[in-house]
1. Consider GLY175 carefully, then state whether it is of a type outside the set (Phe, Trp, Tyr), surrounded by fewer than 19 Cβ atoms within 10 Å (Cβ to Cβ), over 21 Å from ILE141 (Cα atoms) and modelled with pLDDT under 95.
2. Could you grab me the full set of residues in region 312-344 that are in contact with a Leu (Cβ under 7 Å, 6 or more places away or on another chain) and either closer than 11 Å to THR355 by Cα or modelled with pLDDT of 90 or more (or both)?
3. Tell me which residues, restricted to region 145-171, are in a loop (DSSP other than H, G, I, E, B), among the small types (Gly, Ala, Ser) and within 26 Å of the chain's Cα centre (by Cα).
4. Would it be correct to say that VAL330 is closer than 26 Å to GLN148 by Cα, among the aliphatic types (A, V, I, L, M) and in a helix (DSSP H, G or I)?
5. So how many residues does region 89-105 have that are farther than 16 Å from LYS133 by Cβ and either within 12 Å of the chain's Cα centre (by Cα) or not in a loop (DSSP other than H, G, I, E, B) (or both)?
6. Tell me which residues, restricted to region 220-241, are touching a Lys or Arg at 6+ places or on another chain (Cβ under 7 Å) and part of a loop (DSSP other than H, G, I, E, B).
7. Check TYR101, TYR95 and return the single one that is surrounded by fewer than 20 Cβ atoms within 10 Å (Cβ to Cβ) and at pLDDT 80 or above.
8. When region 274-293 is examined, which residues are found to be over 18 Å from ALA233 (Cα atoms), without any contact (Cβ under 8 Å) to a residue 60 or more places away in the chain and out of contact with any His (no Cβ under 8 Å at 6 or more places or on another chain)?
Amino acid sequence: MFNGSMIKKVVFLTLALTLTLITALYAGVGGGVEAREHVDLVPLLKFTAVFLAGVGAVFGLGLAFAAKRFSVKIDPRVEQVKDVLAHAHCGACGYAGCEQYAEAVVKNPDVPPNLCTPAGARGAEAVALITGKKAEAREPIFARIMCQGGRSKAAKKFRYEGVRDCRAAVLAGGGDKACGYGCLGYGTCSRVCPFDAITMNEDDLPVVDITKCTGCRKCEQACPKKVIEVLPASRQVLVACHSKDKGAETKKNCQVGCIACGKCVKVCPFDAPSVANNLSRIDLDKCKVCGLCVAPCPTNAIRDFIPKRPKAFVLDNCIGCQICMKVCPVNAASGELKKMHTIDQQKCIGCGICTAKCPVQAIDGTFNAPEVFRAAAEKKAAKTAAA
């Protein structure tokens with residue numbers, strides 16, 4: 001099939017050849033033509049102009065026909081959608097680039113208009129308006145670093161002096177970290193991030209700026225140790241470790257690795273944590289982000305990504321019943337019987353159990369308290385019934 005470029009080349013070569021032949025004939029080139037001392041160029045130029053005009057008209061009509069016959073119709077909405085996308089070509093939408101997503105969201109009724117996370121809510125609304133679809137709100141997703149074993153906390157099995165790239169370092173015996181599951185710390189994730197959302201700290205660990213991260217998964221795909229997970233923003237309490245070594249081995253290799261002690265399992269009222277293959281994992285669908293499992297962890301392997309939790313505080317109507325002291329998992333509540341109690345703000349983790357248990361509602365400011373307490377009561381009742 002001829003395209004426009006090929007047709008133009010054919011026209012140009014044809015006109016050039018025609019002009020050469022006409023000039024040769026008029027100039028007397030050829031064995032059977034008598035040489036002339038003088039050639040009148042005016043008739044030659046007139047004939048050439050007329051001939052070229054005729055040939056140009058013929059080929060112009062041909063080109064017009066070909067353009068119409070072989071043209072590819074493009075929905076104008078595709079260009080409109082492309083204009084409102086982020087043009088990052090990050091792949092967060094699941095397509096190779098912005099153009100591919102624009103074509104898909106216009107032509108396929110099953111493709112939602114909110115897949116371009118860098119464009120945000122405004123971009124989703126604009127795409128929905130162009131395509132006539134409904135833009136549903138999506139929970140933001142961020143990259144989470146599931147390793148805390150930086151240079152100062154994790155042992156190394158040898159000194160690596162090669163290219164400072166995690167993908168290159170892993171070729172040398174699986175990397176220089178004693179823990180075979182840990183972050184190598186050579187910054188590959190920070191270099192592949194198209195939004196400059198990842199930086200390396202002084203301990204050679206990546207740090208994610210959630211205000212810049214779009215969840216495009218480029219870092220997740222580039223990490224040879226798979227210590228990066230892209231998760232919903234609401235999942236704020238995580239076991240930041242991937243080690244499947246036995247507890248003693250993990251403890252020898254890293255100060256902050258999960259040793260599968262099971263303390264998180266015992267304290268959680270939602271049965272979210274579970275231990276398998278020498279590693280504790282939190283079921284994100286069950287987790288209510290109360291943070292109860294964070295403090296008991298002996299190696300601090302469980303991370304709480306909530307920067308500042310609301311703390312509990314006692315109101316004036318406190319009757320001094322001491323129930324808050326009995327139920328507080330971190331011994332933050334204190335006070336004498338029938339006197340107003342206090343809560344140590346340094347110890348309080350904002351789990352909400354004391355708020356839900358207080359008979360006169362004299363404690364406020366805690367995190368999802370009723371749900372936490374209700375789940376704890378249900379768990380206790382189930383154990384009692386089973387016994």
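The values are calculated or read from the model by the stated rules, or taken from the named source; none is laboratory data. Everything numeric here is computed off the predicted structure, so don't read it as measured data. Note: ideal-geometry Cβ built from the backbone for every residue, glycine included; neighbour counts use all protein chains shown.
1. Numbers: of a type outside the set (Phe, Trp, Tyr): yes; surrounded by fewer than 19 Cβ atoms within 10 Å (Cβ to Cβ): no; over 21 Å from ILE141 (Cα atoms): yes; modelled with pLDDT under 95: yes.
It is false that GLY175 is of a type outside the set (Phe, Trp, Tyr), surrounded by fewer than 19 Cβ atoms within 10 Å (Cβ to Cβ), over 21 Å from ILE141 (Cα atoms) and modelled with pLDDT under 95.
2. Keep residues of region 312-344 that are in contact with a Leu (Cβ under 7 Å, 6 or more places away or on another chain), which gives 320, 322, 329.
Within region 312-344, GLY320, GLN322 meet the criteria.
3. Looking only at region 145-171, we keep the residues that are in a loop (DSSP other than H, G, I, E, B), and these are 146-153, 155, 157-165, 170-171.
Checking which are among the small types (Gly, Ala, Ser) leaves us with 149-150, 152, 155, 162.
Listed by number, the residues that qualify are GLY149, GLY150.
4. The answer is no for VAL330.
5. Total satisfying the criteria: 7.
6. Selection gives PRO224, ALA240.
7. Working: TYR101 fails: surrounded by fewer than 20 Cβ atoms within 10 Å (Cβ to Cβ).
Within the list TYR101, TYR95, the selection yields TYR95.
8. Taking region 274-293 first, the residues over 18 Å from ALA233 (Cα atoms) are 274-280, 292-293.
From the residues that got through so far, the ones that are without any contact (Cβ under 8 Å) to a residue 60 or more places away in the chain too are 274-280, 293.
SER274, VAL275, ALA276, ASN277, ASN278, SER280, CYS293, listed by residue number.
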